[in-house]
């Protein structure tokens, strides 16, 4: 059973402003509060708001027992400790039943020697997928559902990406995005192209005209590295 919960004011405590609840298939954007829900999962009942206070990567897959999804779950299970070290939980979702999930995870363990311990939700009626804008109201199946949401400790969507069913995710890129978002929050800086943990970050551009004119060169006021490393 999957239920999308209405957003309440107490869920938005600590945020600068409360965001309105998202209607079905709202096409969520970066900065939106992730719609709350409750669903059955491979580790028992799960409610999204219970993950407040830590980072969460919520990702969907079209179906169990499919080749691309299987390689993704093997890769994610092998890197689960890397996400945990960054205080980030993983949560997966598909239309398949709970028992299909169990059978698939057993096959993954027996074939590849890894155990998937993060929760996999069942969403047989696409309630959660529609609430997050992963599929349109007209869709009757999950063929297009391979979306990833990076949700911060306040429950705000900070990044998202979507892959077609025939292309697997890059787990190193998922970790890179997570690390960049955490570094940005910790230091108030910007992450340049191809940034990796430990590399210099960028300063936020100046909004002061005197600093613009006083910069040592023509780009120094808006394009310069911050001091230190992540």
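Points to keep in mind about this one:
- Residues in region 198-221 that are outside any helix (DSSP H, G or I) and out of contact with any helix residue (DSSP H, G or I) (no Cβ under 8 Å at 6 or more places or on another chain): 15 in all.
- Any hit, region 183-197, residues being assigned to a helix (DSSP H, G or I), buried (at least 16 other Cβ atoms within 10 Å of the Cβ), in contact (Cβ under 8 Å) with a residue 40 or more places away in the chain and within 13 Å of the chain's Cα centre (by Cα): no
- Considering residues of region 85-95 that are buried (at least 19 other Cβ atoms within 10 Å of the Cβ) and at pLDDT 95 or above only, the residue farthest from residue 119 (Cα to Cα): 88
- As a summary of the residue check, residue 57 satisfies the conditions (1) within 16 Å of residue 154 (Cα to Cα); (2) at pLDDT below 95; (3) in contact with a helix residue (DSSP H, G or I) (Cβ under 9 Å, 6 or more places away or on another chain) except for the one numbered (2).
- Residues of region 62-71 that are part of a helix (DSSP H, G or I) and closer than 20 Å to residue 160 by Cα: 68, 69.
- Residue in region 26-34 that is out of contact with any strand residue (DSSP E or B) (no Cβ under 9 Å at 6 or more places or on another chain) and modelled with pLDDT under 95 present: yes
- Counted residues, region 96-125 - those being closer than 13 Å to residue 40 by Cβ and surrounded by 19 or more Cβ atoms within 10 Å (Cβ to Cβ): 7
- Enumeration of residues in region 36-61 that are in contact (Cβ under 8 Å) with a residue 12 or more places away in the chain, within 15 Å of residue 121 (Cα to Cα), assigned to a loop (DSSP other than H, G, I, E, B) and touching a strand residue (DSSP E or B) at 6+ places or on another chain (Cβ under 7 Å): 40, 61
- Test for residue 74: is it in a loop (DSSP other than H, G, I, E, B) and at pLDDT 95 or above: no
- Evaluation of residue 148 against (1) surrounded by 16 or more Cβ atoms within 10 Å (Cβ to Cβ); (2) without any contact (Cβ under 8 Å) to a residue 40 or more places away in the chain (one fails), failing number: (2)
The values are calculated or read from the model by the stated rules, or taken from the named source; none is laboratory data. Because the structure is a prediction, the values reported are computed rather than measured. When we count neighbours, we look across all protein chains shown, and the Cβ atoms used for this are built from the backbone with ideal geometry, even at glycine.
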